[in-house]
Every structure is written in C-alpha cells, then in structure tokens.
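To keep things clear, I will list the structure first and then write my remarks on it.
The values are calculated or read from the model by the stated rules, or taken from the named source; none is laboratory data. From a predicted model like this one, the values you see are computed outputs, not experimental measurements. Neighbour counts are summed over all protein chains in view; Cβ atoms, including those assigned to glycine, are modelled from backbone coordinates with ideal geometry.
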Amino acid sequence: MHDRAALRRQDFWTALLLAGLSLFFLWKTSEIPFFRANAAGVESGRWYNSAAIVPYAIFATILVLSLGLLVTAIRQGGAPWLRRAVTADAETGGFARLCAVAAIMLFYIFALVPRVDFTIASALVLQALIYGFHETRARATAIAVVAVAIPALYALAMHFPRSEWNTPQDDDWITLAAFVILAVVALVETRLCHGRLDKAIAIAPVLSVLVPFLLVIAMAFGFRQNVPNRTGLLFKQVEYHYYVTVKPWLAGKGR
C-alpha cells in the first residue's frame, strides 16, 4: 500500500508544475487575437471565432484543477515544511519575504519588462530588492513591494495588449518616478531607523541603474541581440545617439 504522505507530496509538486505550465501557455495564448484586432494585416472576427478560445479554455481549466490539487495536497500534509514556514512566519518573516520576492519578480517579468524601458524597470526592481531585503524588516519589504506593484499594475491596466507595448511612454515615466521616490524613501527611512546613513542603501540607486544600463548596451550593440521595448524612454535615446553620433565617430576614427 502506498504511503499517503508520499502521495500527497507528489501531488504537491505535480500541482506546482501544472500551474506553472498552464500560466506559461495562458501567457503565450494571450498573443493570439481574441477580441477584434489586427494581426499581420488581417482583422480577426468575433471572439467566439478566435483561435485562442480553445487554448484559453484548456489551460484555464488545468490551472483551476492544479490549484485545487495544490490546496488538497497542502491540507493533507503534502508540504509539511510549508506549514512550518507559515507557522514560524510571525517569528522570522521568512515566508512573507519569500512571497514578496515572488511578487516583485512576477510584476517585473509579466508587467514591466514587456512594456517599460528595460533599464528603468530593472533599476526599480534592483533598488526594491536591495532596500527591501538588505535587512529583515517587514516595513522595508512592504514598501519595496508597493513601489514595484504601482507602476506594474498601471502598465498592465493601460497597456495590456501587445499592440500597446510600444505606445507613448507614460508607464516609463511612472516607473522612473517610482524608482526616484523609492530611492529617497529608502535613504530617509533607513537613516531614521538606524540613526546613520547606510552605505549599501546610499549606493544602491547608482548600481541599480548602472548594471542594467551596461547590460542592455552590451546586448544591443555588442552581441547584437534584441532587447525588450526598443522604443523605451531611455533606450530610444541611447540607440539614436549610438547610430547618429557614436558610430559615425568610431567610423571616422577607424580611417
């Protein structure tokens, strides 16, 4: 006879895998026109004629079933370590911080990166992670999550369809404002908490901008790779000056 606890553990990991796969395929299905939209010059018909309706139904059903399986597995002891983590959360805050990191990364991957300038979005997330998890303080973690959530939810609400990912850069400006505000709040809040300037928090804004900026420059102009949102607020200017100013200057120096 099979061990009941072992079966519930298998159910737990199976449910996580199925939920992850269904979310991925729902995301990919969102690229198929559902309501009236233009795709490759062809206007789609009504929603019930869309090729996306069957994948949406299948993977949404799998997601619901996998979540049901996940809840059942946890309740019946399939993840005892998770129950211990939740119980110990009041003392250590470990599970809450894990959820905060997951939320920030989900906002970053699914909301910010496709729609917001890569450097600005990455700078905000790096600043949030450095400030929110430099110390084990719930207030800093909560501020970091909120700072990322606000521009991410705005980008999703205002520019959800793929056709609007490269539209006017209002979401870029809001994300940039969130970064600046978070950097100031982190300095002030940390100083009030400790009575001194925290060097790690002070240098965090510089590193948060410099690292993704150098990465996107290397990707775009060094390795000739495509980068997300080439019409972003910052990258659009960088690309323009590279081809108009830097490249002709380098060509002249090479003669």
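Which of the numbered conditions does Tyr154 fail, given that it passes all the others? Conditions: (1) surrounded by 16 or more Cβ atoms within 10 Å (Cβ to Cβ); (2) touching a residue at least 40 places away in the same chain (Cβ under 8 Å).
So Tyr154 meets the others, but not (2).
Can you find, within the stretch 164-192, the residue that is nearest to Arg115 (Cα to Cα) among those that are more than 17 Å from the chain's Cα centre (by Cα) and of a type in the set (Ser, Thr, Tyr)?
Thr167
Which ones in the stretch 178-196 are without any contact (Cβ under 8 Å) to a residue 24 or more places away in the chain, in a helix (DSSP H, G or I) and not β-branched (Val, Ile, Thr)?
Hits for the stretch 178-196 are Leu187, Arg191, Leu192, His194.
Modelled with pLDDT of 90 or more and surrounded by fewer than 14 Cβ atoms within 10 Å (Cβ to Cβ): does that describe Ala142?
yes
Tell me, yes or no, whether the stretch 117-126 has at least one residue that is among the polar types (S, T, N, Q), assigned to a helix (DSSP H, G or I), at pLDDT 95 or above and within 21 Å of Val216 (Cα to Cα).
No, that holds for no residue.
Among the residues of the stretch 197-229 satisfying the criterion of being outside any helix (DSSP H, G or I) and not polar (S, T, N, Q), which is farthest from the chain's Cα centre (by Cα)?
Only one residue tops the list, namely Leu197.
So which pairs qualify, if the first residue must be in the stretch 55-83 and modelled with pLDDT under 85, the second must be of a type in the set (Asp, Glu), the Cβ gap must be under 6 Å, and the two must be at least 6 apart or on different chains?
Within 6 Å, the pairs are Leu69/Asp11; Ala73/Asp11; Gly78/Asp11.
Would you mind telling me which numbered condition in (1) more than 20 Å from Phe110 (Cα to Cα); (2) in contact with a Pro (Cβ under 6 Å, 6 or more places away or on another chain) Gly132 fails?
Here Gly132 meets the rest and fails (2).
Sort through Gln237, Gln169 and tell me the only one that's touching a Leu at 6+ places or on another chain (Cβ under 8 Å) and either loosely packed, with under 14 Cβ neighbours inside 10 Å or modelled with pLDDT under 90 (or both).
Just one listed residue meets the conditions, Gln169.
Can you find, within the stretch 180-199, the residue that is surrounded by the fewest Cβ atoms within 10 Å (Cβ to Cβ) among those that are of a type in the set (Gly, Ala, Ser) and within 20 Å of Ala121 (Cα to Cα)?
Ala183
Among the candidates Pro205, Pro161, Pro212, single out the residue that is out of contact with any Pro (no Cβ under 8 Å at 6 or more places or on another chain) and more than 15 Å from Ala123 (Cβ to Cβ).
Pro161
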